[in-house]
Amino acid sequence: MQRESIDPIPSWGLLIVRGVLAILFGVLALAHPLAALAALVILFGVWAFIDGVSALALFVGGWRSWPVVIIGLLGIAAGFVTFFRPGITAIGLYAAVASWSILRGAFEIALAIRLRRRIAGEGWLIFGGISSLVFGALLIALPMAGMLALAWLIGVYALIFGAAMIGLGARVRRIVHPRPTTTAPTMITPQPV
């Protein structure tokens, strides 16, 4: 009977960087909701590409898990599609973003289920995966919504996902670098001779 290999704990720093990048993207999307479709497509493409590269960096950094590779490849692919097809229509953007988000959410939940064997706190990744699934479902349910609604949905999703990644990174950091416990000094009582 072969024992299942246990994945190493992911780099907490990369998880936090992913979260910060997602939050920065969310703030930009909310601050400039009336930007042209091309600018939004490029902004999304940059975020998806950077997120994909950072997921692959987690894999190269020692977190040998196939869902991490798939998340990374999906992000890079979504980035390339938006870079080389900047004239994509709003419906095309809906389809690309919704598909990427739903697939990503499913793989994040699968990764969290696998991660629960290693650390407590996988709920943050499940939360991120559920937010990805809900975001994709909202895009499918609201195909005729304007660019303002899309920008706000993307911005809010990025903020929620970023917060989830920062929470997961902080949890992993506490596991990797636990706080030293201090013990109260004990009184030494003299022993009778």
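Spacing of the modelled spin labels on ILE42 and PHE83, each 7 Å from Cα toward Cβ, amounts to 1.3 nm. Rounded to the nearest whole Hz, the Karplus-based 3J(HN,Hα) values (6.51 cos²θ - 1.76 cosθ + 1.60, θ = phi - 60°) of region 150-166 follow the sequence 4, 4, 5, 4, 5, x, 5, 4, 4, 5, 5, 5, x, 4, 5, 5, 5, with x at glycine and proline.
In order along region 119-131, the Karplus-derived 3J(HN,Hα) couplings, from 6.51 cos²θ - 1.76 cosθ + 1.60 at θ = phi - 60°, round to 9, 7, x, 5, x, 5, 5, 4, 4, x, x, 5, 5 Hz, and Gly and Pro are given as x. Extension gain for the segment ARG173 to ILE140, taken as residue separation times 0.36 nm less the Cα-Cα distance, is 8.3 nm to one decimal.
Taking all protein chains as they are arranged and a probe of 1.4 Å, the heavy atoms of PHE83 leave approximately 70 Å² accessible to solvent.
The values are calculated or read from the model by the stated rules, or taken from the named source; none is laboratory data. Here the structure is a predicted model, which is why all the values come from computation and not from measurement. We place every Cβ from the backbone using ideal geometry, glycine too, and count neighbours over all the protein chains shown. Ligands, DNA and RNA are excluded from the accessible area calculation, which covers all protein heavy atoms including side chains. Shrake-Rupley method; radii C 1.70, N 1.55, O 1.52, S 1.80 Å.
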